[in-house]
Amino acid sequence: MLSVLRMAVIFGLLILASTSWGLANQVEKAEADQFLTGLHQLTLSGSRSGEGYFRLDGNYMVFQSERDVDNPFYQIYLMNLVSGETKRISPGHGKTTCSWVHPLEEKVLYASTHLDKEAKAKQKDEFKQRA
């Protein structure tokens, strides 16, 4: 009997926590809207996009995104924020992460598994697992 009561209390606390979490997010968004204007989502394409970083001059942003139909993993993209042009700068196979754009020069650094001899086989396996 005690375990049923304990489970009911835990379940009730979970419901309460999830409800208050949603309210907290609404309040935070309302507060942010007071201070942030002209917001635009920059990375719309692809199945998902990850972390992005701006170059010091504000003209470029480097970010990771899953956009290639032949690769289920993140690749690295560089967006020219003046022209809107976006181009993939990683090789297109393997996994990539943790990109960084040089503050003054046209250089980008990122981690990649593209040299892994099994990279393309791992991509196929990932597609099978996601199906």
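Here, each number is a calculation from the coordinates, and none is a lab measurement. Source: prediction; values computed, not measured. All Cβ positions, glycine included, derive from the backbone under ideal geometry; neighbour counts span all protein chains shown.
Going by average Cβ neighbours within 10 Å, how do the peptides 63-71, 51-59 rank, with the highest at the top?
Highest to lowest by the protection proxy: 63-71, 51-59.
For the range 48-130, what mean projected area does the convex hull of the alpha carbons give, in nm²?
5.4 nm²
Within the range 39-74, what residues put their amide N at less than 20 Å from the label point 7 Å along the Cα-to-Cβ vector of L81?
39-45, 49-65
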